[in-house]
Each structure stands twice: as C-alpha cells, then as structure tokens.
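Below is one structure; the comments refer to it alone.
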Amino acid sequence: MKVLVTVKRVIDYNVRVRIKADGSGVDLGNVKMAMNPFDEIAVEEAVRLREAGIATEVVAVSCGVLACQDTLRTALALGADRAILIQTDVDLQPLAVAKLLQAVALKEVPQLVILGKQAIDDDANQTGQMLAALLAWPQATFASTLRVADGKLQATREIDGGQETLEVALPAVVTADLRLNEPRYATLPNIMKAKKKPLEVSTPAELGVDVTPRLTTLKVVEPLKRQAVVMVADVAELVAHIAHIPQVATLRNEPRGN
Ligand code: AMP
C-alpha cells in the first residue's frame, strides 16, 4: 500500500509573527520556517504504517516555493521514502493545493493520503476535505487513532461529547489531529541519509492545474494588545477600578431597560 503524505512549509510555531507595515500580509522576511506541526504527525503516522508492514512506500508531497525542498528533506529524514515538490511562487490557496494533490494522487495512485488537519499559517482546515471531494474518495478528518486492515480504514475522531469511530474503504483521505501520535525527532544519521533520497520536482503547469488565487486578502492587522494586569487590594478597590474602564463607564451611563 502506497501512502501519500503532505507537508506544508509554514512559519515556525515558536516565532512571533509580524504583520507587514502596509497590512497586506505576514512578514516572511528572515523568519524561521518549519514543517506544519500537524504534518509532522501525518508523516509519523505514515512511517509507522510502513514500519508495521502495512504501507510499502511513503511519498511526501509539498506545494510551494523552492525552499519547500527543506521541508521535504525533513520528511525524508523522518522516514518518508521519496518526495515530490510541486514548485510555484504563486501564493497557493487550499483549493489550488487540493487540485495539485489530486493530480499527484491520480499519477501516484496511493491507497491512502494523510494530511494535517490544519495549516497553522492560514488555519483554513480545508485542503483534506477538498481533496477527498475532488477525488470522490471517503474521508476521515481529525483522526486521533488510525487502523488499517483488510482494505479498510478505521479512524477515531474526537467530537463534541465523545469519540466517533468511522470505517471507510480505501483509497481514502485522512487528516491528522494532535493526538494521533507523538512525532519522532530526525536523527543526524537520518538527516544525512535523507540527502540521498529521491526528490522529484514538478510544476502546476506540468500537472495541468490552474493555481490562480481566487481570494483576495483585504487587510491583515495585529491582534488587540492585552491590557496590563492591575492588582487590587479588596473588592472596593476593584469596583472603583472597574468603574473607570471606558466600556463599563458607558454601560453605567446608558438608561436601563425595564
Ligand atoms: P489547510 O487546509 O490550509 O489548513 O491545510 C491542511 C493540510 O493540507 C496541511 O496540514 C497540509 O497537510 C496540507 N497542505 C496545505 N497546503 C499545503 C501545501 N502548500 N503543500 C503541502 N501540503 C499542504
């Protein structure tokens, strides 16, 4: 069974994000980039399936700029067998990525595609669902456990008030939730070995996919700054303090309804 696993290059989750001065987007200049954390979990799951003898090959795919090669090399160091970069400088939106992945899936014919449930940069949570729809394959999103046997896949999903277990026929699309596994670290020998693993580069045009953005970002702003914490001695001081907060003062001056 071949498993396709997707890896997106995003701003490292430890980095404090800066907004460009003109509000047109996030400043990516000199910023540390890394593999999307949910994709590390997806890679780990795919590699575990191969180690368990269920998967025969794990192919990592990334779509984006040339530097996504680094992210793919990390996936190879974590255990993927080979990698595919769909290279473009166009700012890719989830539908474009889903179409590219569909084209790769039709070429590679995997039995399973594992994506992260969400990219931490756009927080879209759309690509896996769109890919499943385009391929007309069943999907198990937000998987927190995965079991593959007899051409079927069982996935447990955390839902409101409990856990749901789904069974889907293969080929299928799965998106990985945080609790699916704990990803391993890439060891130095594996990082060295990864340099020799095959990495194929293709383009959206070669796959016949139009990746023109369909959404326009109008404005990006910093989150509201938090007010400094004030320590008060007692309730009387707290009430006096609250009364001077502008929103509370406004409420106090508004006439009360009956
Ligand atoms: P999103 O729908 O943007 O929140 O992304 C969900 C998942 O789709 C990510 O965790 C990745 O596994 C995959 N994905 C999104 N964009 C890309 C990309 N440019 N290259 C590879 N995988 C991607």
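Overview of results
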{"item": "Positions within region 211-231 being without any contact (Cβ under 8 Å) to a residue 12 or more places away in the chain and over 21 Å from the mean Cα position of the chain (by Cα), in sequence order", "result": "Leu218, Pro223, Leu224, Lys225, Arg226, Gln227, Ala228, Val229, Val230, Met231"}
{"item": "Long-range neighbours under 9 Å by Cβ, at least six apart or interchain, first residue polar (S, T, N, Q) within region 110-128, second part of a loop (DSSP other than H, G, I, E, B) and more than 6 Å from the ligand (Cβ to nearest atom)", "result": "Gln111/Met1; Gln111/Ala55; Gln111/Gly151; Gln111/Leu170; Gln111/Pro171; Asn125/Lys117; Gln126/Gln93"}
{"item": "Output for region 203-221, where each listed residue is closer than 18 Å to Leu66 by Cα and out of contact with any helix residue (DSSP H, G or I) (no Cβ under 8 Å at 6 or more places or on another chain)", "result": "Thr203, Ala205, Glu206"}
{"item": "Filter result for Ala119 (in contact with a Lys or Arg (Cβ under 6 Å, 6 or more places away or on another chain), within 13 Å of the ligand (Cβ to nearest atom) and open to solvent by less than 20 Å² (accessible area, probe 1.4 Å))", "result": "yes"}
{"item": "Given (1) part of a loop (DSSP other than H, G, I, E, B); (2) open to solvent by 10 Å² or more (accessible area, probe 1.4 Å), number of the condition Ala55 does not satisfy", "result": "(2)"}
{"item": "Some residue of region 89-111 being open to solvent by less than 30 Å² (accessible area, probe 1.4 Å) and part of a strand (DSSP E or B)", "result": "no"}
{"item": "Residues located in region 81-116, provided they are within 9 Å of the ligand (Cβ to nearest atom) and of a type in the set (Gly, Ala, Ser)", "result": "Ala96, Ala98, Gly116"}
{"item": "Filtered residues of region 10-43 (kept if away from the ligand (no atom under 16 Å from the Cβ), in contact (Cβ under 8 Å) with a residue 40 or more places away in the chain and open to solvent by 30 Å² or more (accessible area, probe 1.4 Å))", "result": "Ile19, Lys20, Ser24"}
{"item": "Among residues of region 122-136, those that are touching a Leu at 6+ places or on another chain (Cβ under 8 Å) and either surrounded by 21 or more Cβ atoms within 10 Å (Cβ to Cβ) or not hydrophobic (A, V, I, L, M, F, W, C) (or both), counted", "result": "4"}
{"item": "Of the criteria (1) in contact (Cβ under 8 Å) with a residue 40 or more places away in the chain; (2) within 14 Å of the chain's Cα centre (by Cα), which one Ala172 fails", "result": "(2)"}
{"item": "Filter result for Ala140 (more than 16 Å from the ligand (Cβ to nearest atom) and closer than 26 Å to Ala96 by Cβ)", "result": "no"}
{"item": "Pairs with Cβ under 7 Å, 6+ apart, first in region 177-194 and on the phi < 0 side of the Ramachandran plot, second surrounded by 15 or more Cβ atoms within 10 Å (Cβ to Cβ) and part of a loop (DSSP other than H, G, I, E, B)", "result": "Asp177/Lys117"}
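Quick grid of which residues meet (1) more than 16 Å from the ligand (Cβ to nearest atom); (2) at pLDDT below 95; (3) open to solvent by less than 60 Å² (accessible area, probe 1.4 Å):
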residue: Asp160; (1), (2), (3): yes, yes, no
residue: Thr165; (1), (2), (3): yes, no, no
residue: Leu170; (1), (2), (3): yes, no, yes
residue: Ala176; (1), (2), (3): no, no, yes
residue: Pro183; (1), (2), (3): no, no, yes
residue: Ala194; (1), (2), (3): yes, no, yes
residue: Val201; (1), (2), (3): no, no, no
residue: Val209; (1), (2), (3): no, no, yes
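The values are calculated or read from the model by the stated rules, or taken from the named source; none is laboratory data. Predicted model, so just to flag it, every value in this text is computed and none were measured. Note that each Cβ is placed from the backbone with ideal geometry, even for glycine, and that neighbours are counted across all protein chains shown. Surface accessibility is based on the protein's heavy atoms, side chains included, excluding ligands, DNA and RNA. Shrake-Rupley method; radii C 1.70, N 1.55, O 1.52, S 1.80 Å.
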